[in-house]
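Structure first, then comments.
The values are calculated or read from the model by the stated rules, or taken from the named source; none is laboratory data. Because the structure is predicted, anything quoted here is derived from the model rather than measured. No Cβ is skipped: glycine too gets one built from the backbone with ideal geometry, and neighbour counts run over all protein chains shown. For the accessible areas, the whole protein counts, side chains as well, though only heavy atoms, and no ligand, DNA or RNA atoms are used. Shrake-Rupley method; radii C 1.70, N 1.55, O 1.52, S 1.80 Å.
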Protein chains: 2
Amino acid sequence: MSGAAPAPVESLIGARIAERRAELGITLERLAAATGFSKGYLSKIENSRKVPPIGSLSRIAAALRTDITQLLHTPAEAGEGGGLSVVRAGERRPVVRGGTAFGYDYVSLADNRRDKKMEPFLFTFPSQIDKYVFFEHDGEEFMFVLSGRVEWQAGSRRLVLEPGDSIYFDARLPHRGRALDGEATAVVVTYSPKPAE
Amino acid sequence: MSGAAPAPVESLIGARIAERRAELGITLERLAAATGFSKGYLSKIENSRKVPPIGSLSRIAAALRTDITQLLHTPAEAGEGGGLSVVRAGERRPVVRGGTAFGYDYVSLADNRRDKKMEPFLFTFPSQIDKYVFFEHDGEEFMFVLSGRVEWQAGSRRLVLEPGDSIYFDARLPHRGRALDGEATAVVVTYSPKPAE
DNA sequence: ACAGAAAGTTTCCCATTGGACAATATCCGT
DNA sequence: ACGGATATTGTCCAATGGGAAACTTTCTGT
């Protein structure tokens, strides 16, 4: 054995850094100044010619105002979308994938558009969840409660949200929610660095 | 130079690995066999005497059946309120910058968190806009109408949105909106590749 | 089109570090 | 105490992190 499978993580780091730097719109030179590394070295890293050790990667992440884990995960995404997508209150399409399987009902609010950065849903929390599972995925999530009271748990924090309350959190925190009385609905928008694939 | 600001991440990796290995109840030798590293080296890593490069850490993570990010993540994963921000309906902070200047009122729904990918707002559309200006910025935007009827214009398209309607569009399209009768409110979430700086 | 500047890439090089190996130390049970 | 198992440490060589600067490419402006 020991075929020396090249670590898959390493090859993606560079791309992620480059992508993030592009997002911030800063040059290699500025990043070099911010991190203390030479621009030549940073260039090599972005092209996967060199792999920085943890500490250095951490410094780079800090300069890019990101978390180190963000740079280790997912590859790049590209593309762009033009246009505009409307979902009328009456024309919502229920999302099938696992939807009710977990005890949740949710419908996409922009399913007729692909390659978008955010994923908006309308969530309906049931009063009871038999399969008491947590969600846990990459990216970030925003939720705005429309109706009902939601008992929400993210990480170790548990709180009750009422209509009009909103919450923003790192989606890697295991999270779940249930309606406290009857039913509850919320607008949920997720951002995921990972494209749909 | 090189005052060697010790990266905070590095010192925790070893502890996390040791902790995880203890969880699995396996010996250094077994881990050595699984990863291909010498047990001596692994010992040094656990005692923060050495810091493995990304690829090696990845192999270790695989052998421990964990994700590499778990090993980097601080051991205090449970407990802290980090990564989560709640804004109660009664505690919204109005956003000052330009808010009413454009004839719009809006409040941030996650202002106590920085470096986030999405920017959620609660928008209030007035019945009349004297300065009939367009918004036009980078990124993408999602809007969910809560109350009232909104005449919305994006690019060349003009449409009327009612409560429960939602729209997703490229924010580079010049866009604007106004309430048709009385007032209208909407949840707006924007994604912008470039943070404010 | 051309010159100059700015952003990015590559070459060369050395100081640092990864990581194996063997020796030593610690912790059991009998 | 002894023997066996697991963990730590010193030594050392090969590998690599990472700088300096030359080089190339892309963006200006005129």
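Summary table below
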item: Solvent-accessible area buried by B and A, counting both chains, probe 1.4 angstrom, square angstrom; result: 5400 Å²
item: Rounded to whole Hz, the Karplus (6.51, -1.76, 1.60) HN-Hα couplings of the stretch B:42-47, x for glycine and proline; result: 4, 4, 4, 4, 4, 9
item: Above-threshold pairs, the threshold being 29 Å between Cα atoms, out of A:117/B:50; A:39/B:50; A:44/B:39; A:50/B:50; A:39/B:39; result: A:117/B:50; A:44/B:39; A:39/B:39
item: Percent breakdown of C-alpha pair distances by 5 Å bin, ordered from the shortest bin, for the stretch A:8-72; result: 4, 21, 36, 30, 9, 1
item: Local net charge near residue B:152, Cβ-Cβ under 12 Å (Lys/Arg +1, Asp/Glu -1); result: +1
item: Note, ³J(HN,Hα) from phi for the stretch B:175-185, Karplus 6.51, -1.76, 1.60, rounded to Hz, x at Gly and Pro; result: 9, 7, x, 8, 6, 7, 10, x, 10, 9, 10
item: Normalised contact order of the stretch B:10-77, rounded percent, pairs of Cα under 8 Å and 6 or more residues apart; result: 43 percent
